[in-house]
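First comes the structure, then the notes that go with it.
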Amino acid sequence: MADRSRNGVVPALGSDWGGLSPHLIATFFAVKKGVSDNKRTIRWERDLDQPEVFAPLTDGNAETTLNWQSPFENVGPDQKFSSFSALVQAGGFTSLIASLQALMPKGSLDGVAKIAKDLEGRSNFTKLNSTQVFTGMAPIKISVTAHFRAMKDAKAEVRDPMDQLVAWALPKSIAQDGVAVQALGGSSGVFASEVPQIIGMKYADMLWAPIVIESIPYPLTGPRDRNGTLTHSAMPLQLATLTGLDNKTDWAGMRASRNFANYRH
């Protein structure tokens, strides 16, 4: 299974998992920007010139972090007069007025005393100044562990797919010279290095694309064959969507893999 294409187009790298349900096996593939059918908008499509990697996953979850803040939380007397506000609420100000009344003409502080008494046990906290507002979101973080094992060929079934994932995670190229030297070659010289590959992942009923590899620990120890090649390995992956996602198009769209150009499974 490791030496043939699963989609009929590009080489497939991975292990033979026998009768394991295909819904439990993830497919990783390179993506690139293409032009939609109407040739007016840009969309992501599968890069059929690059191989795919397939592996069963465990420990998978997608974490969405949404930024909600309460900007009116400190609007009110508490912001500048926190001690005074606490004193009024706790009834301490009433005691203070009572002490002052002994030193002042009779009845001169009655109005103030009544106000202080009425404010006991009250707060300036309201639903308005506790209302949260949405300020944005980070890309969704995806954590999975991909598994590889060798049934016949450790290089083809374990090392090659793991190396391909690392190749996608690393920058395509990094220029040797500094920015000053590169600038002599024009604008393209300043930006001479190439960023890592943008990829996609199909798993069960979800299609995640475009995504990036943020972290990819490469296991150095484990069972090996006579050539020193790993025969079994679990590779943790920290992935992330390229942008924040919305509900209307992105989240709903990942359930419809037919909308993704050049995707065949």
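Only residues that are at pLDDT 90 or above and touching a helix residue (DSSP H, G or I) at 6+ places or on another chain (Cβ under 7 Å) were counted in the stretch 238-260, giving 1.
If you check Ala156, Ala167, which single one turns out to be touching a residue at least 60 places away in the same chain (Cβ under 8 Å), assigned to a helix (DSSP H, G or I) and small (Gly, Ala, Ser)?
Working: Ala167 fails: touching a residue at least 60 places away in the same chain (Cβ under 8 Å).
Result of the check over Ala156, Ala167: Ala156.
Here is a yes/no grid of residues against (1) at pLDDT below 75; (2) surrounded by 13 or more Cβ atoms within 10 Å (Cβ to Cβ); (3) touching a strand residue (DSSP E or B) at 6+ places or on another chain (Cβ under 9 Å):
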position: Ser36; (1), (2), (3): yes, no, yes
position: Ile42; (1), (2), (3): yes, no, yes
position: Thr58; (1), (2), (3): no, no, yes
position: Glu63; (1), (2), (3): no, no, yes
position: Lys80; (1), (2), (3): yes, no, no
position: Ser95; (1), (2), (3): yes, no, no
position: Gly107; (1), (2), (3): yes, no, no
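Yes/no matrix, rows are residues, columns are (1) at pLDDT 60 or above; (2) assigned to a loop (DSSP other than H, G, I, E, B); (3) in the same structural domain as Gly244 (by TED's automatic domain parsing); (4) loosely packed, with under 12 Cβ neighbours inside 10 Å:
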{"site": "Phe54", "(1), (2), (3), (4)": "yes, no, yes, no"}
{"site": "Asn74", "(1), (2), (3), (4)": "yes, yes, no, yes"}
{"site": "Ala116", "(1), (2), (3), (4)": "yes, no, no, no"}
{"site": "Arg122", "(1), (2), (3), (4)": "yes, yes, no, yes"}
{"site": "Thr126", "(1), (2), (3), (4)": "yes, yes, no, yes"}
{"site": "Ile142", "(1), (2), (3), (4)": "yes, no, yes, no"}
{"site": "Met151", "(1), (2), (3), (4)": "yes, yes, yes, no"}
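Taking the numbered list (1) surrounded by 17 or more Cβ atoms within 10 Å (Cβ to Cβ); (2) out of contact with any helix residue (DSSP H, G or I) (no Cβ under 8 Å at 6 or more places or on another chain); (3) free of Cβ contacts under 8 Å to residues at least 60 places away in the same chain in turn, Leu207 passes all entries but (2).
Filter the stretch 220-232 down to the residues that are surrounded by 15 or more Cβ atoms within 10 Å (Cβ to Cβ) and touching a helix residue (DSSP H, G or I) at 6+ places or on another chain (Cβ under 6 Å) and list them by number. Answer for the stretch 220-232, where residues must be surrounded by 15 or more Cβ atoms within 10 Å (Cβ to Cβ) and touching a helix residue (DSSP H, G or I) at 6+ places or on another chain (Cβ under 6 Å): Thr229, Leu230, Thr231.
The values are calculated or read from the model by the stated rules, or taken from the named source; none is laboratory data. Remember, it's a predicted structure, so these values are computed and weren't measured experimentally. Ideal geometry is used to build each Cβ from the backbone, glycine not excepted, and the neighbour counts take in all protein chains shown.
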